[in-house]
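Scroll down for the structure; my scribbles are underneath it.
The values are calculated or read from the model by the stated rules, or taken from the named source; none is laboratory data. Everything quoted here is computed from the prediction, not taken from an experiment. For neighbour counting, all protein chains shown are included, and Cβ atoms are generated from backbone atoms with ideal geometry for every residue, glycine included. Surface areas here come from the heavy atoms of the whole protein model, side chains and all, with no ligands, DNA or RNA. Shrake-Rupley method; radii C 1.70, N 1.55, O 1.52, S 1.80 Å.
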Amino acid sequence: MRSMSDARLVLRSGADKVSVNTAVIERPRLIGGPECKREVETCAAVVRVREMAHDESPHIDLLKCLRSSGHHALVEMFKLRPGNRRIRDISEHTAIEPERDALEGMGMAVIDMEIVDLDDWRIIPARGGISHAGLKALGLPEDSLQSFPEAFREGMAARARQLGDVGINDPKNWDAAYGKGGVHIGVQAFSDSEEDRRRILGIAREQIDGLSVSILAMQDFGAQPGDLNSLGYKDGIDQPAIEGSGFDPLPGQGQPIKPGEFILGYPGEAGFPLPMPQPDILGRNGTYVGFRKYQSRVGAFNRFLQAHGSNEAERELLAAKLVGRWRSGAPLVLAPEVDNPAIGADPQRNNDFNYANDPRGRQAPFGCHIRRMNPRDSKLTRLTDVNLHRLIRRGTTYGPPYDPNALSEADDEVPRGAIFLFISAKAMATIEFLQQEWINDGNFIGIGDERDPIIGLQEEDAKFTIPRDPVRRLVRGIETFNVLRGGEYFFMPSISALKWLAGLRQ
């Protein structure tokens with residue numbers, strides 16, 4: 001929460017507590033001034049003071065503001081010092097007693113304090129989701145199970161026809177762990193070093209040791225140098241802006257999208273909340289997560305570029321035309337002739353464009369990957385509200401980095417590819433729409449049966465059109481460069497929902 005409007009939205013949606021965190025350090029009167037008094041009849045604040053090793057003083061301005069406004073404040077205080085181990089009982093440690101005395105002298109109640117080893121102070125980012133089969137295994141009542149959307153209940157493999165996952169992408173060809181309805185929980189953990197990765201895996205193994213839990217599959221993945229994906233392009237640039245997130249939209253993101261498009265229980269673009277699982281405590285503040293694992297056929301991709309470009313410059317321009325961006329991330333509409341890495345590296349510029357000045361696709365072809373996945377202001381042959389089909393997406397890679405010299409069929413079989421995670425309050429309907437309309441068809445943008453050249457499932461002798469003067473270029477021989485190896489739909493519950501789920505068998 002970074003403003004009272006954020007807090008008001010959450011409280012009115014049924015939350016019993018909001019956390020303002022760092023925002024009140026910057027603006028103490030946020031919870032101590034008249035703005036708070038107008039909105040909240042009673043304000044009990046829990047203030048976490050993490051005092052660093054250089055003896056930085058507690059945030060006295062904030063505490064004074066709370067006290068002077070008559071609010072009751074509970075203070076959780078952490079003293080961080082290198083070399084000290086975590087100590088639960090600090091009553092005999094006098095190092096932070098002066099601060100405690102000062103706080104209590106101001107009328108603050110100090111409810112918990114710890115001395116924490118600064119070297120061990122780590123936050124382990126992790127995300128988890130539960131499949132429909134997993135919810136059933138947890139003992140979710142039948143009426144609750146039936147309150148989930150049909151696509152979620154069936155699972156991704158069973159929706160292969162709606163997703164266009166046929167032929168080489170058919171679930172029967174997926175990795176062994178997927179497609180059989182046996183995946184109950186998916187967890188992704190993130191770290192910034194190999195040391196932390198091993199530590200996180202150790203913690204995970206300790207947590208499941210002794211439980212009736214079987215690990216079906218584990219996949220190492222991570223950012224490549226330069227944030228390049230498995231085909232050598234800078235990735236993760238275009239994300240939707242969300243209303244009420246507290247972050248100003250980056251140039252090119254457009255108007256923020258209503259939070260209900262991504263989190264259940266809030267109004268969406270239509271002005272009302274989307275249906276959510278029941279009971280209310282289960283669905284509210286939850287969302288859906290889709291997982292798709294692709295193997296990149298790097299040899300086939302490079303062979304295609306070699307066959308249709310006589311030199312490096314021609315091959316790189318063709319590669320850019322397929323995606324709509326140069327490998328650096330610079331969009332073609334801002335750098336139509338040659339790459340401009342400075343634009344690609346600048347988040348204030350690399351997404352700041354539309355297609356108003358490229359109505360014929362002579363800079364970014366109509367069929368290129370980024371124009372398909374976010375048509376922006378392109379003229380579409382089928383009336384579509386683009387904001388209704390946006391996803392919060394996170395792509396990452398596994399296996400060795402992209403190799404521009406990989407040309408053999410053996411290189412196609414190297415375990416290397418992309419992990420695609422997407423979040424939406426209607427993730428199943430959205431990804432099925434994208435697969436049917438925008439990825440594996442071209443009619444929506446007036447290019448017939450052409451498919452997405454990067455993630456589309458290609459038919460024999462597939463083509464890609466590059467508009468240009470005086471005559472368009474028609475490139476044939478597009479192959480399926482990313483082959484689907486697995487996937488599933490998950491429900492990501494709120495903390496309240498997790499507590500409710502944990503109590504089902506008690």
Next item on the list: Could you give me the residue pairs with C-beta distances under 7 Å whose first residue belongs to region 234-248 and is hydroxyl-bearing (Ser, Thr, Tyr), whose second residue is open to solvent by less than 50 Å² (accessible area, probe 1.4 Å) wherever it lies, and which are 6+ apart or on separate chains?
Entry: none
Note to self: Tally up the residues in region 306-340 that are free of Cβ contacts under 8 Å to residues at least 60 places away in the same chain and open to solvent by 80 Å² or more (accessible area, probe 1.4 Å), please.
What the structure shows: 5
Next item on the list: Grab the helices (runs of 4 or more DSSP H) fully contained in region 236-352, keeping just those with 2 or more residues being within 29 Å of Ile130 (Cβ to Cβ).
Entry: 280-283
Check: Restricting the search to region 378-392, which residues are open to solvent by 60 Å² or more (accessible area, probe 1.4 Å), basic (Lys, Arg) and out of contact with any helix residue (DSSP H, G or I) (no Cβ under 6 Å at 6 or more places or on another chain)?
Finding: Lys379
Note to self: Scan region 180-187 and tell me whether some residue there is open to solvent by 80 Å² or more (accessible area, probe 1.4 Å), at pLDDT below 85 and farther than 30 Å from Ala429 by Cβ.
What the structure shows: no
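Residue by residue, here is whether (1) without any contact (Cβ under 8 Å) to a residue 40 or more places away in the chain; (2) touching a Leu at 6+ places or on another chain (Cβ under 7 Å) holds:
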site	(1), (2)
Ile419	no, no
Ile439	no, no
Ile447	no, no
Ala462	yes, no
Thr465	no, yes
Margin query: Please verify whether Ile370 is free of Cβ contacts under 8 Å to residues at least 60 places away in the same chain and in contact with a Pro (Cβ under 9 Å, 6 or more places away or on another chain), treating the condition exactly as stated.
Written below: no
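Go through Asp196, Asp248, Asp280 for me and flag whichever is under 30 Å from Asp143 (Cβ atoms), more than 17 Å from the chain's Cα centre (by Cα) and acidic (Asp, Glu).
Just one listed residue meets the conditions, Asp280.
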Notebook entry, point to check: From the list Gly486, Gly448, Gly456, Gly442, which one is at positive phi and surrounded by 15 or more Cβ atoms within 10 Å (Cβ to Cβ)?
Noted result: Gly486
Item checked: Matching residues, region 259-291, being over 19 Å from Ile431 (Cβ atoms) and open to solvent by 60 Å² or more (accessible area, probe 1.4 Å) -> Ala270, Phe272, Pro273, Gln278, Asp280, Ile281, Asn285
Next item on the list: Go through region 341-390 and give me each residue that's basic (Lys, Arg) and within 22 Å of the chain's Cα centre (by Cα).
Entry: Arg349, Arg371, Arg372, Arg376, Arg390
Notebook entry, point to check: If we keep just the residues of region 202-257 that are of a type in the set (Ser, Thr, Tyr) and open to solvent by 80 Å² or more (accessible area, probe 1.4 Å), which is nearest to Ser328 (Cα to Cα)?
Noted result: Ser214
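Out of the helices (runs of 4 or more DSSP H) lying entirely within region 135-234, which hold 2 or more residues that are in contact with a helix residue (DSSP H, G or I) (Cβ under 8 Å, 6 or more places away or on another chain)?
142-146, 150-154, 160-163
Applying the selection to region 459-469, what residues are outside any loop (DSSP other than H, G, I, E, B) and open to solvent by less than 30 Å² (accessible area, probe 1.4 Å)? Let's see the steps before the verdict.
Of region 459-469, the ones outside any loop (DSSP other than H, G, I, E, B) are 462-466.
Across region 459-469, the qualifying residues are Ala462, Phe464, Thr465, Ile466.
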Margin query: So in region 123-162, with the set limited to residues that are open to solvent by 40 Å² or more (accessible area, probe 1.4 Å) and of a type in the set (D, E, K, R), which one is nearest to Ser191 (Cα to Cα)?
Written below: Arg127
Note to self: Would you confirm whether or not region 163-170 contains a residue that is farther than 24 Å from Leu138 by Cα, open to solvent by 40 Å² or more (accessible area, probe 1.4 Å) and in contact with a Lys or Arg (Cβ under 9 Å, 6 or more places away or on another chain)?
What the structure shows: no
Margin query: Can you find, within region 188-201, the residue that is least open to solvent (accessible area, probe 1.4 Å) among those that are of a type in the set (A, V, I, L, M, F, W, C) and touching a residue at least 60 places away in the same chain (Cβ under 8 Å)?
Written below: Ile200
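Are any residues in region 470-506 assigned to a loop (DSSP other than H, G, I, E, B) and either over 25 Å from the mean Cα position of the chain (by Cα) or under 24 Å from Arg451 (Cβ atoms) (or both), and if so, which ones?
Just the residues of region 470-506 that are assigned to a loop (DSSP other than H, G, I, E, B), to begin with: 470-472, 479-481, 493-494, 503-506.
Once the filter is applied, which keeps residues that are assigned to a loop (DSSP other than H, G, I, E, B) and either over 25 Å from the mean Cα position of the chain (by Cα) or under 24 Å from Arg451 (Cβ atoms) (or both), region 470-506 yields Pro470, Val471, Arg472, Glu479, Thr480, Phe481, Gly503, Leu504, Arg505, Gln506.
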Note to self: Quick check on my filter: what residues within region 404-422 are open to solvent by less than 40 Å² (accessible area, probe 1.4 Å) and assigned to a strand (DSSP E or B)?
What the structure shows: Gly417, Ala418, Ile419, Leu421, Phe422
Notebook entry, point to check: Given Pro401, Pro365, Pro375, which one is in contact (Cβ under 8 Å) with a residue 40 or more places away in the chain and open to solvent by 50 Å² or more (accessible area, probe 1.4 Å)?
Noted result: Pro401
Notebook entry, point to check: Considering only region 341-362, how many residues are open to solvent by less than 60 Å² (accessible area, probe 1.4 Å) and touching a residue at least 24 places away in the same chain (Cβ under 8 Å)?
Noted result: 6
